[in-house]
Amino acid sequence: MEKILLQLNVNGQGYELYINPKTLLVEAIRDHIGLTGTKRGCDTVSCGACTVMIDGMSVKSCSVLAAQAEGTRITTIEGLEDNGKLAPIQKAFIDHGAYQCGFCAPGMIMSAQALLNENPDPTEWEIREGIEGNICRCTGYNSIVRAINATAKGKYTEDRS
């Protein structure tokens, strides 16, 4: 199969890739760009481990062809930090023990960040609804909800100095 030239904007950086037109976005991010925070989990759009943001909206990158993302702004877990400083949601996940094995954490954090971008003051029900497309087999979700809630309530700020 002939490869196509694709230009992607990932975490504010441009990438030119020669890839198979059927390459999934998760494959382009991990295998071609080398950002491994985005996990490839179920390949059936069920687990959410591959969640990234496209133009600020959470998207399961195993359900999108890389070519479909051309011309958009893609943000991965690596793109949330700023000059080595964690984003508030990342810090909250650490402080609240909202991860154990860490496999689902990047996708969960990306869904949480997209939720907070859209709704900066969600209720607990809205938080649970906002992350329902992400599966965590370790935490039981309560610590995840607490971390998202703490971020929403301003207990973690954008000051990354």
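The values are calculated or read from the model by the stated rules, or taken from the named source; none is laboratory data. Model, not experiment: these values are computed from the prediction. Cβ: placed from backbone, ideal geometry, glycine included. Neighbour counts: every protein chain shown.
Results, tabulated for the structure shown:
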read-out	value
Complete set of residues in segment 66-95 that are without any contact (Cβ under 8 Å) to a residue 24 or more places away in the chain and of a type in the set (S, T, N, Q)	90
So residue 130, is it free of Cβ contacts under 8 Å to residues at least 40 places away in the same chain and within 20 Å of residue 35 (Cβ to Cβ)	no
Any hit, segment 127-145, residues being surrounded by fewer than 23 Cβ atoms within 10 Å (Cβ to Cβ), in contact with a helix residue (DSSP H, G or I) (Cβ under 6 Å, 6 or more places away or on another chain), in a loop (DSSP other than H, G, I, E, B) and not assigned by TED's automatic domain parsing to the domain that holds residue 37	no
Residue in segment 112-123 that is of a type in the set (Asp, Glu), within 26 Å of residue 33 (Cα to Cα), modelled with pLDDT of 95 or more and assigned to a helix (DSSP H, G or I) present	no
Set 98, 114: member being more than 18 Å from residue 41 (Cα to Cα), outside the structural domain of residue 43 (by TED's automatic domain parsing) and in contact (Cβ under 8 Å) with a residue 60 or more places away in the chain	114
